[in-house]
Amino acid sequence: MSICVIILIRIEMRFSMQKILIEIKNQYLEFFNVTSKAYISNDLLNTNIISNNKLLFSKDYIFENLKMVSSFIKEITIDKNIETIYLNDLSMIFLICQLINKCQIKTIISLEEKNFTYEAYEAISKVPSIKKVNCYSIPTFMIELFDQKNIIVESRSEILFTSKFMQENNLNQYSKIYYKIALRFTSPLTPTDLTDFLTFLKINKYLKTIHFNTLNIPDLKSIIGILIKERVKNIRLVIHSNGIDKETALTLKKYNQNLKKYHLVIKLSYSNEYIKENYLKQVIITTLTYCFVIIICLSCMAISYVLINNKTSEANVAKINERINTVIEASKNTTPAPSEETPAEPSDNLDSPIKNKELESLLEINSDTVGWLTVPNTNIDYPVVKTTDNDYYLDHNYEKKYDYNGWVFMHYYNSTHNLDKNTIIFAHNRFYSGIMFGTLNEVTKDTWYNNTKENLITFNTLYDNMQFEVFSIYKTNITADYLKTTFDSDLEWNNFIKMIRERSMFQNNVNVGTNDKIITLSTCLDNDTRLVVHAVLRKI
């Protein structure tokens, strides 16, 4: 069939649109990527051309009309008895192979003086008519692949091309590439090395480890970038180095953190010589590591002990509170029978009758009971005891059983009948479990102190029910200057009030006069620090 017609299809496009020029020669077609105006005249730059010796198409046009253009080229090859094509640019191979897939093209000749790529192999292997490939150079393993497809390969270079990466890893056969488990890189890497590595990843199915003979950050980043782009996971990147500086170590650490989501990890490997030279250092590090592990284990044991002990303490306190509540409820429902004997009372109660019958009922549990303390919006809601010293209730509970949590107790200097100027109440700060004064720290919060309904402490004794308004809260080093219970003069009292006001973390206008009485709550924050709360008697 003779082709003499010229079809001009005018398309309003700039020259930046990519075009493919096909020249029809004597028994072959030659394909060009049009990247320069030198190929064609200016008046044809925006035109698709079909003539008796040239075809010029935009790539977009080919993709949109692939079937039509392919059929057209097939007719040309049949009419001209063409079995060979020439390519001046190997990057066109994917598109060209689609165009000639139905043709009887048997030979492809690449005119570029570049190494043949795996992508080119994949494209050519899908064209059933191809029997021969001619190129400048080609990796050995690719010759093996073409051979499996019964395609003959001719290389114009006298020496088969292979990159340093391919040589170092002995990747001269397809099977070696396919089953390779570990690779090795020696810096610096060339662009060809990186291209061949990319080709390797497209073939390989078993890679687990990549070794770097030296640390080269740019090369490492390039390899990581290719792995991420190709979505290769579960790879160990082992760097063989005899020591790195702190800055590099931090860089590698950041890389490792970022690589977790890609399932890649960087490891350092030191030579035997380096390890021997740094043996002592390694021993020290190992020893410190073991010590650290032991410390962690002991810490875990200690924490476990504390947690278990706290749970036990909470259970013990809950059990005691249950007994207390049972006794109190029973006292409400029981009318006491006349008796010649009177309940045990503290020795300083004098002759005033007991007004608080519920508290009186608790004397049968603990004869040291002197009152009940309640601090709003905390867990502090306990009966208060008092004995002849301040040590006993540091490690005994309300039932007078040994308990390292102790109980809430009044200073043994204080009177339980007529309150002193300063009544002092102590308890342990069990903040882990929140028992005793474990939640007293709540009063240091603005939300607690600024709520006038909360800053009223209730302290009921056997003889009176009382409320105290908080006016000073502070933390102090160990001192006894706030533990005075009596004062010899108004001046001494006023100076005392001034001192504890100045320590307060909150400022207020709560009035404390010379005739007033106060209550003081004191607990430990640590071995050297105390939390102290002062409140003035406001209501009886």
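What to note about this one:
- For region 445-540, a Kirkwood hydrodynamic radius built from all Cα pairs, placed in the Stokes-Einstein relation at 20 °C and 1.002 mPa s, yields a translational diffusion coefficient of 151 µm²/s.
- For region 357-538, the Kirkwood estimate of hydrodynamic radius, built from reciprocal distances between every pair of different alpha carbons, is 16.6 Å.
- Extents of region 19-155, largest first, come to 47, 29, 28 Å (Cα atoms, principal axes, whole angstrom).
- Between ARG156 and TYR179, full extension at 0.36 nm per residue minus the direct alpha carbon distance yields a gain of 5.3 nm.
- Exposure proxy shown here: for TRP407, TRP448, the number of other Cβ atoms within 10 Å sets the order, fewest to most, as TRP448, TRP407.
- Checking the Cα-Cα distances for LYS261/LYS281; LYS208/LYS229; LYS164/LYS253 against a 24 Å cut-off, the pairs over it are LYS261/LYS281; LYS164/LYS253.
- In this simple spin-label approximation, LEU525 and SER331 carry label points 7 Å from Cα along the Cα→Cβ vector, and these lie 3.6 nm apart.
- Figure legend: label point modelled 7 angstrom from the Cα of SER269 along Cα→Cβ; residues of region 228-257 with amide N under 12 Å from it are 236-241.
- Residues in region 516-532 that a label on THR444 would reach, taking backbone N under 13 Å of a point 7 Å out along Cα→Cβ: 523-532
- The calculated FRET efficiency for the pair ASP481 and GLU230, based on their C-beta separation and a Förster distance of 51 Å, comes to about 0.10.
- Ascending count of other beta-carbon atoms within 10 Å, so fewest first, for CYS103, CYS300, CYS135: CYS300, CYS103, CYS135
- Taking the Cα centre of the chain as origin and assigning +1 to Lys and Arg Cβ atoms and -1 to Asp and Glu Cβ atoms, the resulting dipole is close to 3760 debye.
- Distance violations [Cα-Cα > 23 Å] among LYS67/LYS149; LYS102/LYS176; LYS180/LYS233: LYS67/LYS149; LYS102/LYS176
- Comparing SER187, ILE108, LEU90 along the charge dipole axis of the chain, the residue lying farthest to the positive side is ILE108, per the Cβ-charge model.
- Only Lys, Arg (+1) and Asp, Glu (-1) charged, at Cβ; region 150-266 dipole about Cα centre in debye: 720
- Fewest neighbouring Cβ atoms within 10 Å first, the residues VAL283, VAL384, VAL306, VAL317 line up as VAL283, VAL306, VAL317, VAL384.
- Relative to the 2.2 N^0.38 Å rule of thumb, the chain has a C-alpha radius of gyration ratio of 1.94.
- Cα gyration tensor shape for region 362-420, rounded if a/c is under 1.5, else prolate or oblate: rounded
- Put simply, the C-alpha atoms of region 199-326 give a gyration tensor, and the ellipsoid matching it has half-axes of 49, 24, 12 Å, longest first.
- Cα-projected label distance for ARG503 with ILE203, points at 7 Å along beta-carbon direction, nm: 8.3
- Once the Cβ-Cβ distance of ARG323 and GLN257 is raised to the sixth power relative to R0 = 60 Å, the FRET efficiency obtained is 0.60.
- Relative contact order for region 19-155, counting Cα pairs under 8 Å that sit 6 or more residues apart, in percent: 19
- Charge dipole (debye, nearest 20) of region 391-469; +1 at Cβ of Lys and Arg, -1 at Cβ of Asp and Glu: 60
- Packing rank of 256-269, 423-436, 192-205, where each peptide gets the mean count of other beta carbons within 10 Å, highest leading: 423-436, 192-205, 256-269
- Inverse mean reciprocal Cα-Cα distance (Kirkwood Rh) of region 164-269, Å: 14.1
- In order through region 399-415: 3J(HN,Hα) via Karplus (6.51 cos²θ - 1.76 cosθ + 1.60), integer Hz, x for Gly, Pro: 8, 6, 9, 4, 7, 5, 6, x, 8, 7, 9, 8, 4, 5, 6, 6, 8
- Cross-link partners of LYS114 among aspartates and glutamates (Cα-Cα below 20 Å; sequence separation of 8 or more within a chain): GLU30, ASP89, GLU122, GLU144, GLU154, GLU158, ASP193, ASP196
- Working from Cα pairs under 8 Å separated by at least six residues, relative contact order for the chain is 7 percent.
No lab work stands behind these numbers, since they all come straight from the coordinates. Remember, predicted model here, so these are calculated numbers, not experimental data. Every residue, glycine as well, gets a Cβ built from its backbone with ideal geometry; the counts of neighbours run over all protein chains shown.
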